[in-house]
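Here is the structure we will look at, set down as structure tokens.
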Amino acid sequence: MIFLSMGHLSTYAQDEFPDGTPIPDWFGETTQTPLSELGKVYEITDHGVVRDSSLIQTKALQAVIDLAANQGGGVVVVPKGVFLTGSLFFKQNTHLYLKKDAVLKGSDDISNFPVMMTRIEGESVEYFPAIINADGVDGFTLTGEGTINGNGLRYWKAFWLRRQWNPDCTNKDEMRPRLLYVSNSKNIQISGVHLKDSPFWTTHFYKCENVKLLNLKITSPSKPVKAPSTDAVDIDVCTNVLIKNCYMSVNDDAVALKGGKGPFAHQDKNNGENRNILIEDNTYGFCHSTLTCGSESIHNYNVLFRRSKVQDASRILWLKMRPDTKQNYQFIKVEDISGTAKSMIYIKPWTQFFDLKGQKNIRTSSASNITMKNIDLTCDMVYNINESDQYDLSNFVFENLNLITKKSNKKSTDFIANLQVKNVKIKEVE
């Protein structure tokens with residue numbers, strides 16, 4: 001039954017985006033930037049930061065960043081040790097490097113994170129910044145062999161206690177920071193480090209261009225305490241994003257494409273599309289989905305997810321369709337994937353916290369030119385796709401699929417317009 005192996009997948013995939021346009025050479029340049037190329041070194045312990053894992057050192061750490069910026073730029077280096085901090089803000093020509101066994105650890109006290117204008121859950125609002133922030137920069141690099149530890153346990157426990165008290169509380173109601181937030185920026189590289197235990201989303205990129213995530217390990221637990229909403233990567237109104245050679249295992253979506261929400265979201269200049277997203281050669285542990293469009297999303301175009309191994313994901317591809325937002329998902333290809341998941345593809349109306357803001361009619365959406373090809377998967381359900389008058393599905397291709405699934409979980413896909421099914425082998429087991 002096995003018709004492909006991960007060993008020869010790289011020679012099969014073509015260097016084209018799903019709409020047929022060539023993938024630019026920029027995506028093929030995947031060398032992790034060395035410390036020697038990041039400018040003058042500012043090792044934090046040479047500039048007033050002390051080795052004391054119990055001491056909040058936000059001001060001292062920010063002073064090192066500001067010093068580097070004021071002297072023309074350079075790289076802030078974190079040596080071996082554990083350093084506790086609130087929000088840090090990197091500026092033009094400043095970078096962050098974590099040496100082996102270096103740990104930058106976020107405070108678990110929300111008072112160390114100032115309320116300010118930011119972007120969260122498809123809206124530009126006052127909320128809390130991340131532990132590491134960069135806005136309006138060109139060329140920011142975060143790299144090394146160390147760890148950024150979000151220290152999220154206290155936040156997670158508080159979230160689930162609040163949800164127990166108020167089942168309708170939103171993700172934002174329990175005040176908590178993200179781990180990394182980069183906005184209004186270009187030519188970004190995040191590489192090498194371990195990003196773990198974020199209180200909220202792990203990495204979030206908003207209105208960015210030319211972003212590379214290379215050789216990262218991004219983790220948060222599903223037990224004994226679930227880490228709620230700890231998406232590994234949130235891409236929000238971005239163009240040209242590469243996610244390569246990463247390991248992602250989080251208690252939410254691994255990669256989620258966002259861009260806005262609400263009945264008038266498409267008219268808001270703060271919102272927009274994601275375009276030219278390449279996700280390849282990654283490994284996935286537990287997650288709600290390896291690739292998700294939504295839940296706050298307007299237009300996603302040219303998304304290629306390929307050559308990856310999956311173990312224990314809930315879904316491979318998840319298209320969330322909001323009744324209150326006009327959404328359009330176009331030219332998405334998932335190919336050369338092997339492993340285990342609960343379902344291969346999942347499409348249904350997404351109704352959590354939706355708000356028509358007084359409008360009487362739902363917003364209709366569409367998904368078209370969606371291809372799933374060369375997939376070797378053991379799953380509970382293959383096509384978990386719900387028919388709905390809320391959205392139109394067209395031009396789907398399911399090709400070269402080798403699937404082992406439970407007999408009781410077979411769904412019709414006849415309502416998908418112009419569906420092509422080629423060489424699909426399904427072995428049903430009890």
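Based on this model, can you work out whether ASN386 counts as touching a strand residue (DSSP E or B) at 6+ places or on another chain (Cβ under 9 Å) and modelled with pLDDT of 95 or more?
On the way: touching a strand residue (DSSP E or B) at 6+ places or on another chain (Cβ under 9 Å): yes; modelled with pLDDT of 95 or more: no.
The answer is no for ASN386.
Yes or no, residue by residue, for (1) in contact with a Ser or Thr (Cβ under 9 Å, 6 or more places away or on another chain); (2) among the small types (Gly, Ala, Ser); (3) under 23 Å from ASP19 (Cα atoms); (4) assigned to a strand (DSSP E or B):
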{"site": "ALA313", "(1), (2), (3), (4)": "yes, yes, no, yes"}
{"site": "ILE337", "(1), (2), (3), (4)": "yes, no, yes, yes"}
{"site": "ILE347", "(1), (2), (3), (4)": "yes, no, yes, yes"}
{"site": "LYS373", "(1), (2), (3), (4)": "no, no, yes, yes"}
{"site": "ASP380", "(1), (2), (3), (4)": "yes, no, no, yes"}
{"site": "TYR383", "(1), (2), (3), (4)": "yes, no, no, yes"}
{"site": "ASN395", "(1), (2), (3), (4)": "yes, no, yes, yes"}
{"site": "GLU399", "(1), (2), (3), (4)": "yes, no, yes, yes"}
{"site": "LYS422", "(1), (2), (3), (4)": "no, no, yes, yes"}
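With respect to the numbered conditions (1) within 27 Å of the chain's Cα centre (by Cα); (2) loosely packed, with under 13 Cβ neighbours inside 10 Å; (3) within 17 Å of GLY146 (Cα to Cα), which one is the sole condition not fulfilled by SER36?
SER36 satisfies all of (1) within 27 Å of the chain's Cα centre (by Cα); (2) loosely packed, with under 13 Cβ neighbours inside 10 Å; (3) within 17 Å of GLY146 (Cα to Cα) except (1).
Being buried (at least 24 other Cβ atoms within 10 Å of the Cβ), modelled with pLDDT of 95 or more and not charged (D, E, K, R) is the requirement here; does VAL250 meet it? Break it down into steps so the answer makes sense when it comes.
Numbers: buried (at least 24 other Cβ atoms within 10 Å of the Cβ): yes; modelled with pLDDT of 95 or more: yes; not charged (D, E, K, R): yes.
So VAL250 fits the description; yes.
Residue under question is ASN240, and the condition is that it be out of contact with any Ser or Thr (no Cβ under 9 Å at 6 or more places or on another chain), touching a residue at least 12 places away in the same chain (Cβ under 8 Å), under 29 Å from SER365 (Cα atoms) and surrounded by fewer than 23 Cβ atoms within 10 Å (Cβ to Cβ); does it hold? Quick ask: steps written out before the conclusion?
Numbers: out of contact with any Ser or Thr (no Cβ under 9 Å at 6 or more places or on another chain): yes; touching a residue at least 12 places away in the same chain (Cβ under 8 Å): yes; under 29 Å from SER365 (Cα atoms): yes; surrounded by fewer than 23 Cβ atoms within 10 Å (Cβ to Cβ): yes.
So ASN240 fits the description; yes.
Being surrounded by fewer than 15 Cβ atoms within 10 Å (Cβ to Cβ) and among the hydroxyl-bearing types (Ser, Thr, Tyr) is the filter here, so list the residues in region 379-416 that pass it.
If the condition is that a residue be surrounded by fewer than 15 Cβ atoms within 10 Å (Cβ to Cβ) and among the hydroxyl-bearing types (Ser, Thr, Tyr), then SER394, SER408, SER412 are the ones that fit.
Within region 79-182, which strands (runs of 3 or more DSSP E) (wholly inside it) include 3 or more residues that are of a type in the set (A, V, I, L, M, F, W, C) and within 30 Å of GLY39 (Cβ to Cβ)?
Result: 81-85, 88-90, 102-106.
Right, PRO228: part of a loop (DSSP other than H, G, I, E, B), within 21 Å of ASP312 (Cβ to Cβ) and touching a helix residue (DSSP H, G or I) at 6+ places or on another chain (Cβ under 9 Å) or not?
Working: part of a loop (DSSP other than H, G, I, E, B): yes; within 21 Å of ASP312 (Cβ to Cβ): yes; touching a helix residue (DSSP H, G or I) at 6+ places or on another chain (Cβ under 9 Å): yes.
In short, yes.
Of the conditions (1) modelled with pLDDT of 95 or more; (2) of a type outside the set (Ser, Thr, Tyr); (3) over 18 Å from TYR383 (Cα atoms); (4) buried (at least 19 other Cβ atoms within 10 Å of the Cβ), PRO263 fails just one. Which one is it?
Failing condition for PRO263: (1).
Against the condition at negative phi, in contact (Cβ under 8 Å) with a residue 40 or more places away in the chain and hydroxyl-bearing (Ser, Thr, Tyr), how does SER338 come out, does it pass?
On the way: at negative phi: yes; in contact (Cβ under 8 Å) with a residue 40 or more places away in the chain: yes; hydroxyl-bearing (Ser, Thr, Tyr): yes.
Spelling it out, SER338 is indeed at negative phi, in contact (Cβ under 8 Å) with a residue 40 or more places away in the chain and hydroxyl-bearing (Ser, Thr, Tyr).
Could we say that LYS172 is over 24 Å from TYR247 (Cβ atoms), at pLDDT below 95, surrounded by fewer than 24 Cβ atoms within 10 Å (Cβ to Cβ) and in contact with a strand residue (DSSP E or B) (Cβ under 7 Å, 6 or more places away or on another chain) here?
Here the answer is yes, as LYS172 does meet what is asked.
The values are calculated or read from the model by the stated rules, or taken from the named source; none is laboratory data. Computed from a predicted model, the values in this text were never measured in an experiment. Reconstructed Cβ throughout: ideal geometry from the backbone, glycine too, with neighbour counts over all protein chains shown.
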